[in-house]
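Asker: The structure's right below; bear with me while I get my questions together.
The values are calculated or read from the model by the stated rules, or taken from the named source; none is laboratory data. Predicted, not measured: the structure shown is a model, and the values here were computed from it. With ideal geometry, Cβ positions are generated from the backbone for all residues, glycine too; neighbour counts draw on all protein chains shown.
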Amino acid sequence: MTRLPVVLASFLVLALLLMACETDVFGPDASTDEMITSADKRGPTLDDSYVLPGAMIFDIAATPNGSILLGRVEFGELFFGPNTIKEIGRRGITEVTSIPTPPGSPVNGLAPIGQRNFYAASGGGDRTVGAGLWRASQGNERLLADVSSFTLGSFDFTTGSGEPGPYPNAWKNQRCEPFVGPFSPGPQTNPYQIAAKNGGEVIVADAANNGVIRVRANGEIEVVAFMDPAVLPGDDPADPEDWMVLGEFDLGAFDWDDPETFENLPGAFGIEYDLGADEITCYVEPVPSAVAIGPDGSYYVGDLIGNTPQNFAGEPSPPGLARIWRIEPGTTDARCPSSACAQVEFDDDVELNSVISLAFGPDGKLYVVDFDRNGAAAGFGIIPPGGGALKQCDLESGMCDTILGEEETSLMFPGAITFDKQDNLWLLENVFEPTVRQVSY
């Protein structure tokens, strides 16, 4: 976040990933030049590959009628332009509707519940601007839940006073945001991937707030769980002594009136008040960015993992930092780890580095998208990319097979997966120059 699609405080989980693209992502609008490589347009086939240049896509989702929704983020004058929802179906790629989010707030997650009837998560920019959950039905869009206000609580950015929203993750010092973001000090939120349960509630992975929320059909929001900081493989995530420290920062050593102060920080901006003069400890943030509802009704949530000390030295994150959590259905206010939120155990050979999407297949196995083997900071250009991976995991045995991405850089910045009603597996490859295609499994 760090975040993404702010990586994705974690990332804007991916708003800032834009900076990492080696191609000219700010090129001309190519919305009318989309290429469909299928021999005909009867509908998706195994050989179909849909290329959408000139935009970013953070999520894809299969609809009940067999088509594929995608949230196309256009490039505008204010960083992000309109969020257009498109559909891959029998007529090729057609436009469904648009989500009127404010500038800088991309559509990060989609959850269809009917024909042209779906939920969409809008990501929060700095200071939570734009964060929300939307309900779209037959071309009518409305903001169902204001996640921004829920996160802020009574916090006042101009004075630095008050308390953030109801997240009980007390380990997070809100003054760390300029160092881990870069964002303004105070609460941040970035609703990323979402999963709809029976149409009556939506589970949201909140990447910048390091937690999971539930939004009910009436717009009511409640905290499902919050994640403790990242730990090295083999360390105890429940032991604060094992939490990975991003850095110890002596705020009294900074001259906040000197413009060079901000150049020397990892990326601060937007500071409008005195942070104080004491020392603060900032941890490596978990950045939960992926969520799926399992066959057992439990919520499965994956960590993207924020910036690490190694990243600031230009080195990859330590391998195997990312985790997947199993949260009991109906849970509220749980801590991860706890009895209600347990880490999924995998074989020692299984290495997850930056989990950005999850989906259960028709075979009951969990399919996992690893954004990049060197860590999500590769999306910033802070470190070189190592290539992503698509894995098929058997939760009973704890074993995973890599479907794509065996060789380094053979799969670049994958962003999401979904299964259609014919049990075909679709992959969003390269969130910066997107291709949506089917893959064999």
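Asker: Just one of (1) under 30 Å from residue 160 (Cβ atoms); (2) charged (D, E, K, R); (3) within 21 Å of the chain's Cα centre (by Cα) trips up residue 326, so point out which.
Answerer: Here residue 326 meets the rest and fails (1).
Asker: Something else now. Does residue 428 count as part of a strand (DSSP E or B) and under 22 Å from residue 52 (Cβ atoms)?
Answerer: So residue 428 passes the test.
Asker: Considering only residues that are within 20 Å of residue 282 (Cβ to Cβ) and in contact with a helix residue (DSSP H, G or I) (Cβ under 6 Å, 6 or more places away or on another chain), look in the stretch 210-235 and name the one that is surrounded by the most Cβ atoms within 10 Å (Cβ to Cβ).
Answerer: Top of the filtered list is 231.
Asker: Applying the selection to the stretch 105-132, what residues are part of a loop (DSSP other than H, G, I, E, B) and either hydroxyl-bearing (Ser, Thr, Tyr) or crowded, with 19+ Cβ neighbours inside 10 Å (or both)?
Answerer: Of everything in the stretch 105-132, those that are part of a loop (DSSP other than H, G, I, E, B) and either hydroxyl-bearing (Ser, Thr, Tyr) or crowded, with 19+ Cβ neighbours inside 10 Å (or both) turn out to be 105, 106, 123, 124, 125, 130, 131.
Asker: Among the numbered criteria (1) surrounded by 22 or more Cβ atoms within 10 Å (Cβ to Cβ); (2) touching a Phe, Trp or Tyr at 6+ places or on another chain (Cβ under 7 Å), which one does residue 420 miss?
Answerer: Every listed condition holds for residue 420 apart from (1).
Asker: Still on this model: Could you tell me whether the stretch 191-207 includes any residue that is in a strand (DSSP E or B) and over 30 Å from residue 64 (Cβ atoms)?
Answerer: no
Asker: Considering only residues that are within 12 Å of residue 282 (Cβ to Cβ), surrounded by fewer than 23 Cβ atoms within 10 Å (Cβ to Cβ) and small (Gly, Ala, Ser), which ones fall in the stretch 178-190?
Answerer: none
Asker: Quick check on this structure: which one of 175, 135 is assigned to a helix (DSSP H, G or I) and either surrounded by fewer than 22 Cβ atoms within 10 Å (Cβ to Cβ) or in contact with a Pro (Cβ under 9 Å, 6 or more places away or on another chain) (or both)?
Answerer: 175
Asker: Look through 296, 333, 347, 363 and report the one residue that is surrounded by fewer than 22 Cβ atoms within 10 Å (Cβ to Cβ) and on the phi > 0 side of the Ramachandran plot.
Answerer: Step by step, each of 296, 333, 347, 363 is checked, and only 333 is surrounded by fewer than 22 Cβ atoms within 10 Å (Cβ to Cβ) and on the phi > 0 side of the Ramachandran plot.
Asker: Cβ-Cβ distance below 6 Å, separation of 6 or more or different chains: which pairs start in the stretch 382-396 with a residue that is within 24 Å of residue 345 (Cα to Cα) and end on one that is in a strand (DSSP E or B) and of a type in the set (Asp, Glu)?
Answerer: Correct list of pairs: 388/370; 389/370; 392/401.
Asker: Oh, and also: Name the single residue, out of those in the stretch 274-296 being small (Gly, Ala, Ser) and modelled with pLDDT of 85 or more, that is farthest from residue 158 (Cα to Cα).
Answerer: 294
Asker: Taking into account only those residues within the stretch 52-67 that are in contact with a Lys or Arg (Cβ under 9 Å, 6 or more places away or on another chain) and of a type in the set (A, V, I, L, M, F, W, C), which is modelled with the highest pLDDT?
Answerer: 62
Asker: A further question follows. Let me spell it out: the conditions are (1) modelled with pLDDT under 95; (2) part of a helix (DSSP H, G or I), and residue 271 meets all of them except one. Which number is the exception?
Answerer: (2)
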